[in-house]
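Data first, discussion second: the structure below is written as C-alpha cells.
The values are calculated or read from the model by the stated rules, or taken from the named source; none is laboratory data. A quick note: this is a predicted structure, and the numbers were derived from the prediction, not measured. Cβ placement follows ideal geometry from the backbone for every residue including glycine, while neighbour counts extend to all protein chains displayed. Side chains included, ligands, DNA and RNA excluded: accessible areas come from the protein's heavy atoms. Shrake-Rupley method; radii C 1.70, N 1.55, O 1.52, S 1.80 Å.
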Amino acid sequence: VERASIKARKEAIKTLPDLKAEAQQAFNAFIRARDAGKPCICCGQPPGMGDVGGAYDCGHYRSVGSAPHLRYDERNAHAQRKQCNRWGSGRAVDYRLGLIARIGLVAVEALEAENRVKKWTRDELIAVRDTYRAKLKELKGRTC
C-alpha cells in the first residue's frame with residue numbers, strides 16, 4: 001500500500017516535459033522494434049551498417065520541432081540509421097522516397113498537408129506513454 005502511494009505521488013508531480021520525454025521514449029522504442037530487420041527508410045541499407053554499429057534511431061519524416069502534432073504518429077516515424085538521421089540531417093528527400101514506397105503517395109501527401117496545432121495534455125501524454133509501452137511489450141512477446 002505504501003509503495004503504491006509513493007508511486008502515485010511520484011506520478012502526480014511529473015511535469016509536462018517529463019511526461020513528453022517518457023512518451024517519446026516509449027514511442028521511439030516501439031518504432032525501432034516495429035522496424036527491426038527492415039532497411040533504413042532513407043538509404044535502404046540495413047540499420048546496423050556503418051560506423052556506429054547496430055544502433056539506429058526512430059527518425060521522423062516531419063521533424064518533431066516543425067510538426068509537434070505528428071510526434072507520436074506511426075506513419076511519420078520509421079527506423080533510420082544514425083548516419084542518415086543525425087549526421088545526414090534526416091535526408092528528407094531520400095526519406096520521402098522511402099516513405100512513398102512503404103506507405104504510399106496518398107498517405108505521404110496527407111502527412112505533408114497535416115498542419116493543425118496540438119497542445120498535449122497530461123492525460124494524453126500518459127495515454128501515449130502507456131499505449132506504446134503496451135504495444136512494445138506485445139510486439140516483443142510475439143517475436144520471442
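Observations on the structure shown:
- Placing a label point 7 Å from the Cα of GLU114 along the Cα-to-Cβ direction, the residues of segment 69-88 whose backbone N falls under 18 Å from that point are 69-80.
- Relative contact order of segment 17-144, defined on C-alpha pairs under 8 angstrom at six or more residues apart (%): 35
- 1.4 Å probe accessible area per residue over the chain, in Å²: 59
- A simple count of charges around ILE41, restricted to other residues whose Cβ falls under 10 Å of its Cβ and scoring Lys, Arg +1 and Asp, Glu -1, yields +3.
- Net charge of the neighbourhood of PRO68, taken over other residues with C-beta under 14 Å away and scored Lys/Arg +1, Asp/Glu -1, is +3.
- Segment 1-130 - convex hull of alpha carbons, volume per residue in Å³: 125
- Counting only residues at least eight positions apart within a chain, or on another chain, the lysines with an alpha carbon under 24 Å from that of LYS20 are LYS7, LYS10, LYS82, LYS118, LYS119, LYS135, LYS137, LYS140.
- In this simple spin-label approximation, THR15 and ASP123 carry label points 7 Å from Cα along the Cα→Cβ vector, and these lie 2.4 nm apart.
- The alpha carbon centroids of segment 56-91 and segment 112-133 are separated by 16 Å.
- Gyration tensor (alpha-carbon) shape descriptor, segment 56-144, a/c threshold 1.5: oblate
- Carbon/sulfur fraction of accessible area - the chain, other protein chains in place, 1.4 Å, %: 56
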